[in-house]
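Everything on this sheet refers to the single structure shown next.
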Amino acid sequence: MNSLILSVGARFLTGLFLLFSLFVLLRGHNSPGGGFIGGLIGAAGFVLYSFAAGVEDARRALRVDPRAIGVWGMAIAVLSGLASALASLDPFTGLWLILEDLALSTVLVFDIGVYLAVFGAILTLVFALEETV
Amino acid sequence: MLDGASDGAGRMLGYAASILAALILVGMALMAPAVVDDRPVLFALDWAPSLGISLAFMVDGLSLIFGLLISGIGSLIFLYATGYMGDHPQFGRFVLFLFAFMVSMLGLVLARDLITLFLFWELTSITSYLLIGFDHDNPRARRNALQAMLVTAGGGLALLAGFILIGTAAGGYDLAQILTGPGLQDSSLYGPILVLVLLGAFTKSAQFPFHFWLPNAMAAPTPVSAYLHSATMVKAGVYLLARLHPALGGTLAWSVALTTAGAITAVLASVLAMRQSDLKQALAYTTLMALGTITMLLAGAHPYALTAAVTFLIVHSLYKASLFMVVGAVDHGTGTREVAQLGGLGRAMPLTALAAVLACASMAGLPPMIGWIGKELIYAGAETMTGAPLVAAAAVAANALMFAVAGIIALRPFFGAPITTPHHPHEAPWQMLAGPVILALGGLVVGVLAQPLLGSVIGSALTGSLLQDRAAGLHLWAGFNRAFVLSLLTFTLGIMLYLMRARFAALVDPVLRRLPSLDDGWDRVLDGLRVLAAWQTRMLQTGRLTAYLMAVFAVVALALGLTIIRGRPEIAVELPRSAFLWLTAIFTAAGAVLALNTHSRIAAIAGIGTVGIGVAVIFIYAGAPDVATTQLMVETLSAVMFAIAALRLPGITERRSPRRQMAHGVVAVTTGLCVTVIILSVTASPLDRSITSYFEENSYALAHGLNIVNVVLVDFRAFDTFGELIVVLLASFGAYAVLKRKRKAGP
């Protein structure tokens, strides 16, 4: 698409989308948000970029094949679910490490996996559609 | 590592498998004293207790005999295979398949639970498929492997149905319970059970009219033929018949079905065996003959007939495995298996010749081999059966033909004037000699020492497994009785047949040629299935999205409509007072109207998008920001995807006939109405808040999260989320594959 406004705007917007998606991902546990929504927002950012600059540029900017991102997301989700086995708990039981203000958990890792899987899946589909149709 | 093990690692694997099998043999043998003492060895693990299924095993007389044969012959076969094809680049794979088969077969004969038995039954079909098709570059091998699998696995399905009926009739799948119970002969389900079980057993043991797959299975490497298609797998069918004999046997239907199928198979196969020029094919048909004879004997209910069946089973496994290995050694040493091209090999291959002569003596039923005792018992057993004269006649005919075939296999390749063979004949390596020689000598030893060696085990199979009050004795000299006379008659006929085999050929060949070929019939059935499948695919899978959507929505409308009509749910219509909601509703409906009436695709997409956004707004109003955001994002992305595809297409023009338009309209409106009514009725009924309140109470306490939706997604219901991730990824990868494939296929 040859639109000056779009191509200039997209450069800023994509970054904003990504930043916002991470924000949504991290705040998810206590406020509206989470990995699923975050993944969708992040993917939307790159979709916008691919409209503005073309799929090839978008792929290059992403650096990693979206399929690999999706599979990695899945792997992270599995590993976070199996981590509880180390503590002899049922799979997908959350483990928490709470330090003063900071709460770390396998649940957050799982949500990151969700984010990546959704992000990868959507971009795989959209890029392939744009390249093919 | 499994492939390309040509550096000796493959051979090591073969030896290791052989030793493992030998260890299993020793283990089984150690259980023998307890089993003979009428204390079967039991082992069970719960599998699906809610269905009454357990992974249960039992070693009793019958399974002990099978277990010993499977592990003992298996050990020799692994050794043989190492000599026969140890330098094959995929030998590692071969050993793996063969070992998997051995374990499946052991599981089958040791299973005490019917479902466990079925599981291993199917595993033997699958491993057999892999082994027959081992030479996978050869289309003939692939075709025959598939045929064997479809026939035996098809029978397996019938068997599963039969087992489930047995479970219903007997109140459980535990064999020990079923067999010691009152029997199923008087059950109202007996008819269907019998038909289904016999279908399973006859396909597996290649009984007429399902016998055609077995000769074709000879496409497998010779060690496989020796093991699966003579000594073990094909015996699974007769094992099952013997195993279920106490529960199903003894009726007229049982007797008639087994006698007929067994007798036809035995006689037809032995005639065909005489007419084979390839030694391996000849052996394949003699295997059919043996299976037919055992099936025929299992029709009986007298201890003599059943002792004969069990004894002949052992006899046959010993000599047949030995002979197959002999034929492989001959093939290996000379380069051919054609009878006409072989002769005078005895000098070059003395040990092979020794094994061949001993094994054939057992096959011909000559004293003092175990084969002689087996044949005497067959005749003694035949006398006790329903339709004794016919059974005895069939047995004599089959045995006489067997005698002649044994003569052909033992004498023609090894004696007489030497014939020039493709390779200069040489003896096989020791690995390939151990098996045939040990098994052939075994036939001699257990012949001479039959009662002390086998008497107690066979006795335990008869009294413990087949629930007879006694077993017949195993004696080389049982007195001058009718069986002895029939044996003499068999020898006379056999010698005549051997000497006049040319005239016999001239006599039977025209008849055989006129018989319809079941093998060709099989191909025609498969072709028919393919045509049917293509037709129904064309009918159901039109490839038109409209047709699929129509089907989906019509089913939804029908299901919901029927539910509404039958349930007459209460509906509470409460009109909202908020002007904001009314505006949103009008906005949403306007989007739908736009999508329906425009000729521009972009406008249609915008219309549908409007509907989605309207719904998201309602979610926000109802206090569900997470759901609303997700809805908004999904709506945006799907609008993008629609747009990418749709903008390349021409504008929307109406090409449907008015009737079709009408039908679409009816389905759409009905679906919409039904969904509306259901939702209104849901809101009218009181909400069960127990789950919601659990989440509300524990979201922070247990999961340290304030956003319940997210806590449910990543903690309480994380496994569900994980399942959804798999779906999302698979869907996108599937679409990716389809899109990329199309691009390659297109210009």
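For the stretch A:54-103, name all the residues that are at positive phi and touching a helix residue (DSSP H, G or I) at 6+ places or on another chain (Cβ under 9 Å).
First, pick out the residues of the stretch A:54-103 that are at positive phi: A:54, A:63, A:88, A:92, A:100.
Of everything in the stretch A:54-103, those that are at positive phi and touching a helix residue (DSSP H, G or I) at 6+ places or on another chain (Cβ under 9 Å) turn out to be A:G54, A:F92.
Looking at the stretch B:98-105, can you tell me whether even one residue there is in a helix (DSSP H, G or I), of a type in the set (F, W, Y), under 16 Å from B:Y227 (Cα atoms) and in contact with a helix residue (DSSP H, G or I) (Cβ under 8 Å, 6 or more places away or on another chain)? Break it down stepwise before answering.
Pass one, the stretch B:98-105, residues in a helix (DSSP H, G or I): B:98-105.
Remaining after also requiring of a type in the set (F, W, Y): B:99, B:101.
Still in the running and under 16 Å from B:Y227 (Cα atoms): B:99, B:101.
Keeping just the survivors that are in contact with a helix residue (DSSP H, G or I) (Cβ under 8 Å, 6 or more places away or on another chain) gives B:99, B:101.
The answer is yes, given that some residue of the stretch B:98-105 is in a helix (DSSP H, G or I), of a type in the set (F, W, Y), under 16 Å from B:Y227 (Cα atoms) and in contact with a helix residue (DSSP H, G or I) (Cβ under 8 Å, 6 or more places away or on another chain).
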- Message: If I filter the stretch A:65-76 for residues that are of a type in the set (D, E, K, R), exposed (fewer than 15 other Cβ atoms within 10 Å of the Cβ), more than 7 Å from chain B (Cβ to nearest Cβ) and over 17 Å from the mean Cα position of the chain (by Cα), do I get at least one hit?
- Response: no
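Given the residues B:V675, B:V666, B:V728, which is the only one that is of a type in the set (V, I, T) and farther than 28 Å from B:L558 by Cβ? Give the derivation first.
Details: B:V675 fails: farther than 28 Å from B:L558 by Cβ; B:V666 fails: farther than 28 Å from B:L558 by Cβ.
On inspection, the qualifying residue turns out to be B:V728.
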- Note on the structure: Among (1) surrounded by 13 or more Cβ atoms within 10 Å (Cβ to Cβ); (2) at pLDDT below 90; (3) not hydroxyl-bearing (S, T, Y), B:R656 falls short only on (1)
- Task: Say whether the condition of being under 51 Å from the mean Cα position of the chain (by Cα), at the interface with chain A (Cβ under 10 Å from one of its Cβ atoms) and not charged (D, E, K, R) is met by at least one residue in the stretch B:648-670.
- Result: yes
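Within the stretch B:112-140, how many residues are aliphatic (A, V, I, L, M) and surrounded by 23 or more Cβ atoms within 10 Å (Cβ to Cβ)?
Taking the stretch B:112-140 as the starting set, the residues that turn out to be aliphatic (A, V, I, L, M) are B:114-115, B:117, B:119, B:123, B:126, B:130-132.
After this cut, where a residue has to be surrounded by 23 or more Cβ atoms within 10 Å (Cβ to Cβ) as well, the list is B:114, B:117, B:131-132.
The total comes to 4.
Can we say B:L739 is more than 26 Å from B:T629 (Cα to Cα), surrounded by 13 or more Cβ atoms within 10 Å (Cβ to Cβ), within 14 Å of another protein chain (Cβ to nearest Cβ) and free of Cβ contacts under 8 Å to residues at least 12 places away in the same chain?
Working: more than 26 Å from B:T629 (Cα to Cα): yes; surrounded by 13 or more Cβ atoms within 10 Å (Cβ to Cβ): yes; within 14 Å of another protein chain (Cβ to nearest Cβ): yes; free of Cβ contacts under 8 Å to residues at least 12 places away in the same chain: yes.
So B:L739 fits the description; yes.
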- Criterion: modelled with pLDDT of 85 or more, in a helix (DSSP H, G or I) and either in contact with a His (Cβ under 9 Å, 6 or more places away or on another chain) or among the charged types (D, E, K, R) (or both) - qualifying residue of B:Q431, B:Q451: B:Q451
- Among (1) of a type in the set (S, T, N, Q); (2) touching a residue at least 60 places away in the same chain (Cβ under 8 Å); (3) more than 7 Å from every other protein chain (Cβ to nearest Cβ), the one test that B:S690 misses: (2)
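Yes/no matrix, rows are residues, columns are (1) part of a helix (DSSP H, G or I); (2) more than 19 Å from A:L19 (Cα to Cα); (3) among the hydroxyl-bearing types (S, T, Y); (4) in contact with a strand residue (DSSP E or B) (Cβ under 7 Å, 6 or more places away or on another chain):
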| position | (1), (2), (3), (4) |
| --- | --- |
| A:I41 | yes, no, no, no |
| A:F46 | yes, no, no, no |
| A:S50 | yes, no, yes, no |
| A:R59 | yes, no, no, no |
| A:P91 | no, yes, no, no |
| A:L129 | yes, yes, no, no |
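Taking the residues in the stretch B:718-729 that are more than 9 Å from chain A (Cβ to nearest Cβ) and of a type outside the set (G, A, S) as candidates, determine which candidate is farthest from A:L97 (Cα to Cα). Lay out the reasoning, then the answer.
The first filter runs over the stretch B:718-729 and keeps only residues more than 9 Å from chain A (Cβ to nearest Cβ), leaving B:720, B:723, B:727.
The next check asks that each one be of a type outside the set (G, A, S); those that pass are B:720, B:727.
Working: B:D720: 24, B:V727: 31 Å.
My answer is B:V727.
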- Note on the structure: So, first residue within 23 Å of B:I644 (Cα to Cα) in the stretch B:586-607, second residue modelled with pLDDT of 90 or more and loosely packed, with under 14 Cβ neighbours inside 10 Å, Cβ within less than 8 Å, six or more apart or across chains; the pairs are B:G607/B:V593
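Here is a yes/no grid of residues against (1) assigned to a helix (DSSP H, G or I); (2) within 24 Å of B:A551 (Cβ to Cβ); (3) at pLDDT 90 or above; (4) touching a Gly at 6+ places or on another chain (Cβ under 8 Å):
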{"site": "B:V615", "(1), (2), (3), (4)": "yes, no, yes, no"}
{"site": "B:F619", "(1), (2), (3), (4)": "yes, no, yes, no"}
{"site": "B:V627", "(1), (2), (3), (4)": "yes, no, no, no"}
{"site": "B:V640", "(1), (2), (3), (4)": "yes, no, no, no"}
{"site": "B:I652", "(1), (2), (3), (4)": "no, yes, no, no"}
{"site": "B:A663", "(1), (2), (3), (4)": "yes, yes, yes, no"}
{"site": "B:V677", "(1), (2), (3), (4)": "yes, yes, yes, no"}
- Task: Check whether at least one residue in the stretch B:554-570 is over 30 Å from B:L272 (Cβ atoms), touching a helix residue (DSSP H, G or I) at 6+ places or on another chain (Cβ under 6 Å) and surrounded by fewer than 10 Cβ atoms within 10 Å (Cβ to Cβ), and report yes or no.
- Result: yes
- Message: Being of a type in the set (F, W, Y), surrounded by fewer than 24 Cβ atoms within 10 Å (Cβ to Cβ), modelled with pLDDT of 90 or more and under 30 Å from B:G171 (Cα atoms) is true for just one of B:F57, B:F99. Which residue is that?
- Response: B:F57
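Answer with yes or no whether A:F127 is at pLDDT 90 or above and within 16 Å of B:I726 (Cα to Cα).
Details: at pLDDT 90 or above: yes; within 16 Å of B:I726 (Cα to Cα): no.
Taking the combined requirement at face value, the residue does not satisfy it.
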- Task: Can you tell me which residue among B:T168, B:T259 is without any contact (Cβ under 8 Å) to a residue 24 or more places away in the chain and in a helix (DSSP H, G or I)?
- Result: B:T168
- Query: When you look at B:V711, is it under 46 Å from the mean Cα position of the chain (by Cα) and at the interface with chain A (Cβ under 9 Å from one of its Cβ atoms), yes or no?
  - Reply: yes
- Query: Tally time: how many residues in the stretch B:33-83 are under 30 Å from B:A329 (Cβ atoms) and not hydrophobic (A, V, I, L, M, F, W, C)?
  - Reply: 8
- Query: In this structure, does A:F36 turn out to be more than 7 Å from every other protein chain (Cβ to nearest Cβ) and on the phi < 0 side of the Ramachandran plot?
  - Reply: no
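Could you please let me know if A:L62 is more than 10 Å from chain B (Cβ to nearest Cβ), of a type outside the set (D, E) and buried (at least 16 other Cβ atoms within 10 Å of the Cβ)? Break it down into steps so the answer makes sense when it comes.
Values: more than 10 Å from chain B (Cβ to nearest Cβ): yes; of a type outside the set (D, E): yes; buried (at least 16 other Cβ atoms within 10 Å of the Cβ): yes.
Here the answer is yes, as A:L62 does meet what is asked.
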- Which one is modelled with the highest pLDDT among residues in the stretch B:690-718 that are out of contact with any Ser or Thr (no Cβ under 8 Å at 6 or more places or on another chain) and small (G, A, S)? B:A718
- Message: Give all pairs with beta carbons closer than 6 Å in which a residue from the stretch B:42-71 that is free of Cβ contacts under 8 Å to residues at least 12 places away in the same chain meets a residue that is hydroxyl-bearing (S, T, Y) and outside any helix (DSSP H, G or I); count only pairs at least 6 apart in sequence or on separate chains.
- Response: B:D46/B:S54
- Message: Please go through the stretch B:41-86 and give me each residue that is β-branched (V, I, T) and either out of contact with any strand residue (DSSP E or B) (no Cβ under 9 Å at 6 or more places or on another chain) or in a helix (DSSP H, G or I) (or both), ordered by number.
- Response: B:I65, B:I70, B:I73, B:I77, B:T82
- Query: Any idea which residue in the stretch A:89-127 is farthest from the chain's Cα centre (by Cα), counting only those that are within 16 Å of B:L637 (Cβ to Cβ) and more than 8 Å from chain B (Cβ to nearest Cβ)?
  - Reply: A:F127
- Query: All but one of (1) more than 16 Å from the chain's Cα centre (by Cα); (2) more than 10 Å from every other protein chain (Cβ to nearest Cβ); (3) of a type in the set (A, V, I, L, M, F, W, C) hold for A:F51; which doesn't?
  - Reply: (2)
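The values are calculated or read from the model by the stated rules, or taken from the named source; none is laboratory data. Just so it is clear, the model here is predicted, and its values are computed rather than measured. As a convention, Cβ positions derive from the backbone with ideal geometry for all residues, glycine included, and neighbour counts pool all protein chains shown.
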